[in-house]
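Participant: Input: one structure, supplied below.
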Amino acid sequence: MFTSIATAARPAPDAVFVYGYFGNGKDANGGLDSMTRAALEKAGFLTAATAALKRREATGEAAAIIEIFGGKDGTTRGLLVGLGEKDKFISSSLRTIIAAVGRRLAAIHAAAVHVCLSGSTGAAKADVFESGNAVGEGLGLLGWVCTEFRGSATPATKHHKLTISGDDESMIEGVDRGLALAYSANFARTLSQTPPNVATPEWMADQAAKMAKKAGLSFRVMKGSELVKERLEGLINVGKASENKPCMVRLEYTPKGGSKSKKPMVLIGKTMTYDSGGLSLKINNGMVGMKRDKDGGCAVLGAMHAIATVIKPRVRVVALLAIAENSVSDNAYRPDDVLRYRNNVTVEVTNTDAEGRLVLADALCWACEKENPSGIIDLATLTGGVVVALGSTFCGMFCEDDTLRSKVEAASAVAGERVWRLPMHAEYREMMKSPIADIVNSNPNRKASPIQGAAFLSYFVPEGVPWCHLDIAGVHAVEKTTGPFIEGPTGWGVRLLAELLAAE
């Protein structure tokens, strides 16, 4: 879409006016509030805008665009963009609205745009900085491209730079923040898009190391004999059939002058670089897209980039990535195997395609025993059942700690990455009991399948440790262009985690 997007100090040739409008013919001003009217007049577009608002298409619906010409010489293109109904407007809706604007800017090959936003946000009593942040995120997410794997058979797509200026300094500061957060989310999207013959466990660890070095994070990778020493049984067994060996990556952000004695927030990402199902082999086209089984880890990496470069919270943050490839060989782990974890919980394997929870269990054990966390949040493409339950509208959230849950919900509202609480109850834990070990990794009874995954993980988090499990299987990618996203990965969770830490 764009090779780069950045803010600029001076107004540019193309002007975007975003305003709340409630239908043509509403009044003599075409429904313009006084603040937006003043902004249009200052920019030299009031006459053209007043005439344009008499057109039949001037409905003011959200993301509806009317083109006009004005400015000092009458040749500058303006885009009148509807915000919908003023009393229903929220800043986060600008991500989707500005995406429509961005696509139009790309179509007309606009190199620069001046955004008049403060008038309409003021009329709707919305925060100008937050609105600017949403504009930056929307354009930044829209601007993601991943052409590394295109070859000579695909015509090269021309992209160009876009600069943004604005009518309010606070708005531009918000745009800068939003662009930076989108950059971190796009980093996660590029990792997700990378195919499994490239994105092996070792490659993912290497990407984490490179990012950590640039962002100023500490980095550690555990593999081989160290996994054995630390009794990380899930990683050892799930990953042993592949020639690409498993590992666990640990990253840490420490604020300047921050005390090591304070408890960190721990972020955990399921990072299955490919999932064939193992010996419980996926059938039909079930393997297609399984390169995205690493998207929990991709999101955590993107969030750590945002935390280190944009948010810079006052608390320590530790990230753990459980990285493996679930493959098939004569060395593969089997249904009927029993694994003993470092917390002495034993697991009977009933399905090798329920592998994500086995590697997450290692990371949860490590977090609880080694990190002394103030809270734990894990992200995982864990179950197809959560997609059946919630579709692609909400992420399934499991969290019994009221304080942590309220923080996640608040961050969700700011980031526009929606979560829906699903229940946890002792009866669900009972469903996971094994006749020969402590628990099974998958109950063949498909009742409450997304809750089964969370119930399994709960055996590796001691009571009293604040913990939130986010099953992102329905939201980590989209099947068609929607809002600021094209078909493919969304980087879901990067911005939610960043906003959560921003509030700490």
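The values are calculated or read from the model by the stated rules, or taken from the named source; none is laboratory data. All figures in this text were calculated on a predicted structure; none of them were measured in a lab. Cβ coordinates were reconstructed from backbone atoms using ideal geometry, including for glycine residues, and neighbour counts include every protein chain displayed.
Participant: Go through (1) of a type outside the set (Val, Ile, Thr); (2) closer than 21 Å to MET35 by Cβ; (3) in contact with an Asp or Glu (Cβ under 6 Å, 6 or more places away or on another chain) and name the single condition ALA124 misses.
Facilitator: Here ALA124 meets the rest and fails (3).
Yes/no matrix, rows are residues, columns are (1) small (Gly, Ala, Ser); (2) surrounded by 14 or more Cβ atoms within 10 Å (Cβ to Cβ); (3) at pLDDT 80 or above; (4) in the same structural domain as VAL115 (by TED's automatic domain parsing):
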| position | (1), (2), (3), (4) |
| --- | --- |
| ARG37 | no, yes, no, yes |
| ALA43 | yes, yes, no, yes |
| GLU57 | no, no, yes, yes |
| GLY78 | yes, yes, yes, yes |
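Participant: Looking only at segment 369-383, filter to residues that are closer than 22 Å to GLY239 by Cβ and either touching a residue at least 12 places away in the same chain (Cβ under 8 Å) or not assigned by TED's automatic domain parsing to the domain that holds VAL419 (or both); which one of those is surrounded by the fewest Cβ atoms within 10 Å (Cβ to Cβ)?
Facilitator: Result: GLU369.
Participant: Every residue in segment 459-491 that is closer than 27 Å to MET424 by Cβ and in contact with an Asp or Glu (Cβ under 6 Å, 6 or more places away or on another chain), please.
Facilitator: Result: PRO466, HIS469, HIS476.
Residue by residue, here is whether (1) surrounded by 20 or more Cβ atoms within 10 Å (Cβ to Cβ); (2) assigned to a helix (DSSP H, G or I); (3) of a type in the set (A, V, I, L, M, F, W, C) holds:
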position: ASN331; (1), (2), (3): no, no, no
position: ALA354; (1), (2), (3): yes, no, yes
position: ALA361; (1), (2), (3): yes, yes, yes
position: VAL388; (1), (2), (3): no, yes, yes
position: LYS407; (1), (2), (3): yes, yes, no
position: ALA411; (1), (2), (3): yes, yes, yes
position: TRP420; (1), (2), (3): no, no, yes
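Participant: Also: For segment 422-437, which residues satisfy the criterion of being assigned to a loop (DSSP other than H, G, I, E, B) and surrounded by fewer than 17 Cβ atoms within 10 Å (Cβ to Cβ)?
Facilitator: Matches in segment 422-437: PRO423, MET424, HIS425, SER434, PRO435, ILE436.
Participant: Then there's this: Can you confirm whether segment 175-198 contains a residue that is of a type outside the set (A, V, I, L, M, F, W, C), part of a helix (DSSP H, G or I), within 22 Å of ARG334 (Cα to Cα) and outside the structural domain of VAL135 (by TED's automatic domain parsing)?
Facilitator: Within segment 175-198, none of the residues are of a type outside the set (A, V, I, L, M, F, W, C), part of a helix (DSSP H, G or I), within 22 Å of ARG334 (Cα to Cα) and outside the structural domain of VAL135 (by TED's automatic domain parsing).
Participant: With touching a residue at least 12 places away in the same chain (Cβ under 8 Å), under 18 Å from GLY384 (Cα atoms) and among the aromatic types (Phe, Trp, Tyr) as the only criterion, which of TYR428, TYR459 stands out?
Facilitator: When all the criteria are applied, what remains is TYR428.
Participant: Among (1) buried (at least 22 other Cβ atoms within 10 Å of the Cβ); (2) part of a strand (DSSP E or B), there is one condition TRP366 misses while meeting the rest; what is its number?
Facilitator: (2)
Participant: Oh, and also: Only one residue in ALA62, ALA6 is in contact with a strand residue (DSSP E or B) (Cβ under 7 Å, 6 or more places away or on another chain), at pLDDT 75 or above and surrounded by 14 or more Cβ atoms within 10 Å (Cβ to Cβ), so which one is that?
Facilitator: Within the list ALA62, ALA6, the selection yields ALA62.
Participant: Same structure again: Anything in segment 68-92 that is in contact (Cβ under 8 Å) with a residue 60 or more places away in the chain and over 16 Å from GLY140 (Cβ atoms)? List them, or say none.
Facilitator: THR76, ARG77, GLY78, LEU79, LEU80, VAL81, GLY82, LEU83, GLY84, GLU85, LYS86, PHE89
Participant: Taking the criterion of being within 30 Å of GLU417 (Cα to Cα) and either of a type in the set (S, T, N, Q) or at pLDDT 85 or above (or both), would at least one residue in segment 11-33 satisfy it?
Facilitator: No, segment 11-33 contains no residue that is within 30 Å of GLU417 (Cα to Cα) and either of a type in the set (S, T, N, Q) or at pLDDT 85 or above (or both).
Participant: Take residues that are within 18 Å of the chain's Cα centre (by Cα) and either in the same structural domain as ASN344 (by TED's automatic domain parsing) or charged (D, E, K, R) (or both) and tell me which of the strands (runs of 3 or more DSSP E) falling wholly in segment 208-323 contain 2 or more.
Facilitator: 265-275
Participant: Hey, another quick one. Of all residues in segment 127-153, how many are more than 20 Å from ALA38 (Cβ to Cβ) and either out of contact with any strand residue (DSSP E or B) (no Cβ under 7 Å at 6 or more places or on another chain) or in the same structural domain as ARG189 (by TED's automatic domain parsing) (or both)?
Facilitator: Result for segment 127-153: 18.
Participant: Considering segment 396-409 alone, what residues qualify as being out of contact with any helix residue (DSSP H, G or I) (no Cβ under 8 Å at 6 or more places or on another chain) and either under 18 Å from VAL475 (Cβ atoms) or of a type outside the set (S, T, N, Q) (or both)?
Facilitator: Correct list: GLU400, ASP401, ASP402, LEU404, ARG405, GLU409.
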